[in-house]
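The values are calculated or read from the model by the stated rules, or taken from the named source; none is laboratory data. Here the structure is a predicted model, which is why all the values come from computation and not from measurement. Glycine also receives a Cβ, built like all others from the backbone with ideal geometry; neighbour counts cover every protein chain displayed. The protein model used for the area step is the full one, side chains on, heavy atoms only, and it has no ligands, DNA or RNA in it. Shrake-Rupley method; radii C 1.70, N 1.55, O 1.52, S 1.80 Å.
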Amino acid sequence: MTWLSLAFRNLLRNARRSITTIAAVALGYAAVNVFGGFATYMFTSIREAYIYDQANGHVQIWKRDARDYGGADPGAFLLSAEDFAEIKAAAEKDDRIELAAGMLEVRGNVDYDGNQSFFLGRAMVPEEQDQIQEKATALRGRKDKRFEGTAITSATPESIGITTGMQKNFGLKLGADVTLMGPDVTGQLNGVNAQVTQILELASEKLNKRFVYLPLELAQVFYTTEDVSCVRLLLKNEADTDFVTADLKKTFADRDWEIFTWYEISDLYGRTKRMFDIIFGLVFVIIITISTMSVLNTIGMAVVERTKEIGTLRAIGLKRPGVVRLFGIESGLLGLIGALLGLLITVAFSLTVRAIKPMWDPPVSSRSVVWEIKLVPEYLVVSFVLLVLFTFIAAIAPARRAARQPVVDSLGHV
Amino acid sequence: MTVVETQKLQKSYHFGDTEVQALRKVDLTISESEFVAIWGPSGSGKSTLCNLIGLLDDPTSGEITLGDKSAAHLSDAQKSDFRNSTIGFVFQNFNLIPVLSALENVMLPLQIQGVGNAEARERALSLLDEVDLSDRSGHRPQKMSGGQQQRVAIARALVTEPVLVIADEPTANLDTENANLIIDLMRKVNQSRGAAFIFSTHDDRLLDRVDRKVHLQDGEILEDELVTSIS
């Protein structure tokens, strides 16, 4: 017989009460981790949507102040073709960088059949954009298709993609001819003809009504320039983001450029993460309090019911810390079994969701996507340890009270 | 050799403003191998005296010496050690741990002492054999009769080889046959092991078998009588 086995048998004395307590701990653990898993799925989705789906890459290099003032006078804040070439050359030498892609932001009006609508355009070399977008694993629909229509390539330089919002606005169909009109970098009005070969959907509902994707070559013709707004760097490993950024800042310290990590630019990610962190913290505190109180109640009742037995154990020589240890083990066991069961529930729930692939409309997307409950090792381990620890600690107060009672009083307890 | 000695032992309880004297300056000496009954009517102080001698309670004043050690300055942990190694307890209601088998109940004091599982098991089995319960070693208390449970309790009290066994009304909850069995057993163990036995009792079946009777009344020793013929 060990103290552990004694504690375990004591738990079986009032099996219904123990099971109820274990269930409370298990559901608490599962609730924390399901919520944590969903929050992580949200973070991952927003991150991937930004880095890959929107082809922003991990690191971006802009002309200084371009992101703040470039809208007013885009021509004044472009990276020249020489700048771009210099960045590309540096990227090619760095093993951590997979791709350096130029991006030109353009704006103007789309004219279709006499109707016009303001547009914001992003232009990249189609193959380079595809290379970045192919990395996305989150925020996918069941069919896993990013657009309707045919792929835009360098071989189709007049093909453009418009968003579903704009398509609905114009009521146009794939293959429709449109004209892009607006001032170029010199302020002269310019226009280019294009054919809509793609209808795509963006994560941002607002952009989904205004966005046009066009090949870099067409955009440069439209803006009468060979420059780019920024260079987007796709890294082989996301974990290198900070290091690569720091190195590039050193390398180009004397240039009038700004270098940003993706999370410095993506406000949505930072705000969402902070919000979920606070909610998760609150949920965790509430649930751990409920679980601990449940265990405290169970152990408190057990202590009262077994006062005479505590007296007997003390009479035959068990010291006060021994009594606390015994109830601590019982309480810890409730926490341990509960957390293990909770772990199983969490894993089962996560796998079930993964198998069913349920759809939902997330706030960061204008389309329905498959949602997930991610299994986050840090959350699983930390909540496990804390739950077991807190349930162990929960036993200390009632057990200490019982242990400090005079032995003769405990023995006389009815 | 003196096993326990009390000097001017007093115990009083307070119920609101009322003070009740449970023991009044009791001087008592128990020697090795003695088989002593403390008897008297309810409320005479016999259980209080047994509790004080067994270090289960603290006196209001007076001195208790166990062997050559005064209990006055022992910490709670030291008293626990003392109870574990030197004193065995047998309770009226047996007080066995219900979730443990007979064998595990007997092993318990040794495990509290830190004795390894194998040795504790061996010693407990030997004691269960001595109380003629080796065939019930795996049974839990609720599957045993009152007499069997009390024999397990006696084995538990003896497993650490104490010099003193304190039994509080050990036969009160037993029928005559089982009471006699228990008395025979304790007498046998008393003689074979040399441990002193102190009973608090008013059971004539037990009083007839002891070799010393201490008569308590209103917290004072009325008579301390040595009995010459032992049945």
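Below are the figures for this structure:
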| quantity | calculated |
| --- | --- |
| Filter result (touching a residue at least 24 places away in the same chain (Cβ under 8 Å), polar (S, T, N, Q) and surrounded by fewer than 23 Cβ atoms within 10 Å (Cβ to Cβ)) within the stretch A:266-291 | A:Ser266, A:Thr272 |
| The stretch A:202-226 - residue that is touching a residue at least 60 places away in the same chain (Cβ under 8 Å) and assigned to a loop (DSSP other than H, G, I, E, B) and, of those, nearest to A:Ala101 (Cα to Cα) | A:Glu226 |
| B:Ser33 in contact with a strand residue (DSSP E or B) (Cβ under 7 Å, 6 or more places away or on another chain) and farther than 12 Å from B:Ile166 by Cα | yes |
| Single residue of A:Ala155, A:Ala176, A:Ala194 found to be at pLDDT 85 or above, in the same structural domain as A:Asp113 (by TED's automatic domain parsing) and open to solvent by 60 Å² or more (accessible area, probe 1.4 Å) | A:Ala155 |
| Tally of residues being touching a strand residue (DSSP E or B) at 6+ places or on another chain (Cβ under 9 Å), in a strand (DSSP E or B) and open to solvent by 30 Å² or more (accessible area, probe 1.4 Å) across the stretch A:100-138 | 8 |
| Matching residues, the stretch A:63-85, being more than 21 Å from A:Pro183 (Cβ to Cβ) and crowded, with 20+ Cβ neighbours inside 10 Å | A:Asp83, A:Phe84 |
| Within the stretch B:99-118, tally of residues that are more than 8 Å from chain A (Cβ to nearest Cβ) and in contact (Cβ under 8 Å) with a residue 40 or more places away in the chain | 4 |
| Some residue of the stretch A:35-46 being within 21 Å of A:Phe260 (Cβ to Cβ), open to solvent by 20 Å² or more (accessible area, probe 1.4 Å) and out of contact with any strand residue (DSSP E or B) (no Cβ under 6 Å at 6 or more places or on another chain) | no |
| From A:Ile316, A:Ile287, A:Ile299, A:Ile265, residue being within 14 Å of chain B (Cβ to nearest Cβ) and in contact with a Phe, Trp or Tyr (Cβ under 9 Å, 6 or more places away or on another chain) | A:Ile316 |
| Some residue of the stretch A:272-284 being closer than 30 Å to A:Phe390 by Cα and basic (Lys, Arg) | yes |
| Residue match in the stretch B:25-33 (condition: more than 18 Å from B:Asp218 (Cβ to Cβ), of a type in the set (A, V, I, L, M, F, W, C), surrounded by 23 or more Cβ atoms within 10 Å (Cβ to Cβ) and in contact with a helix residue (DSSP H, G or I) (Cβ under 7 Å, 6 or more places away or on another chain)) | no |
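For every residue, the table says whether it meets (1) within 19 Å of B:Phe91 (Cα to Cα); (2) touching a Leu at 6+ places or on another chain (Cβ under 7 Å); (3) modelled with pLDDT under 90; (4) surrounded by fewer than 16 Cβ atoms within 10 Å (Cβ to Cβ).
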{"residue": "B:Ala153", "(1), (2), (3), (4)": "yes, yes, no, no"}
{"residue": "B:Val163", "(1), (2), (3), (4)": "yes, no, no, no"}
{"residue": "B:Asn173", "(1), (2), (3), (4)": "yes, no, yes, no"}
{"residue": "B:Arg187", "(1), (2), (3), (4)": "yes, no, yes, no"}
{"residue": "B:Ala195", "(1), (2), (3), (4)": "yes, yes, no, no"}
{"residue": "B:Arg205", "(1), (2), (3), (4)": "yes, no, yes, yes"}
{"residue": "B:Asp208", "(1), (2), (3), (4)": "no, no, yes, yes"}
{"residue": "B:Arg212", "(1), (2), (3), (4)": "no, yes, no, no"}
{"residue": "B:Ser229", "(1), (2), (3), (4)": "no, no, yes, yes"}
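Matching residues to (1) within 12 Å of chain A (Cβ to nearest Cβ); (2) surrounded by 23 or more Cβ atoms within 10 Å (Cβ to Cβ); (3) β-branched (Val, Ile, Thr); (4) under 19 Å from the mean Cα position of the chain (by Cα):
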| residue | (1), (2), (3), (4) |
| --- | --- |
| B:Asp68 | no, no, no, no |
| B:Ala72 | no, no, no, no |
| B:Ser75 | yes, no, no, no |
| B:Phe82 | yes, no, no, yes |
| B:Ser85 | yes, no, no, yes |
| B:Ile97 | yes, no, yes, yes |
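Conditions (1) out of contact with any helix residue (DSSP H, G or I) (no Cβ under 7 Å at 6 or more places or on another chain); (2) in a helix (DSSP H, G or I); (3) in contact (Cβ under 8 Å) with a residue 12 or more places away in the chain, marked per residue:
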{"residue": "A:Phe35", "(1), (2), (3)": "no, yes, yes"}
{"residue": "A:Phe38", "(1), (2), (3)": "yes, yes, yes"}
{"residue": "A:Phe43", "(1), (2), (3)": "no, yes, yes"}
{"residue": "A:Ile46", "(1), (2), (3)": "no, yes, yes"}
{"residue": "A:Ala49", "(1), (2), (3)": "yes, yes, yes"}
{"residue": "A:Trp62", "(1), (2), (3)": "yes, no, yes"}
{"residue": "A:Gly75", "(1), (2), (3)": "yes, yes, yes"}
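Residue-by-condition table, conditions (1) modelled with pLDDT of 90 or more; (2) open to solvent by 30 Å² or more (accessible area, probe 1.4 Å); (3) out of contact with any strand residue (DSSP E or B) (no Cβ under 7 Å at 6 or more places or on another chain):
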{"residue": "A:Arg9", "(1), (2), (3)": "yes, yes, yes"}
{"residue": "A:Ile19", "(1), (2), (3)": "yes, yes, yes"}
{"residue": "A:Ile22", "(1), (2), (3)": "yes, no, yes"}
{"residue": "A:Ile87", "(1), (2), (3)": "yes, no, no"}
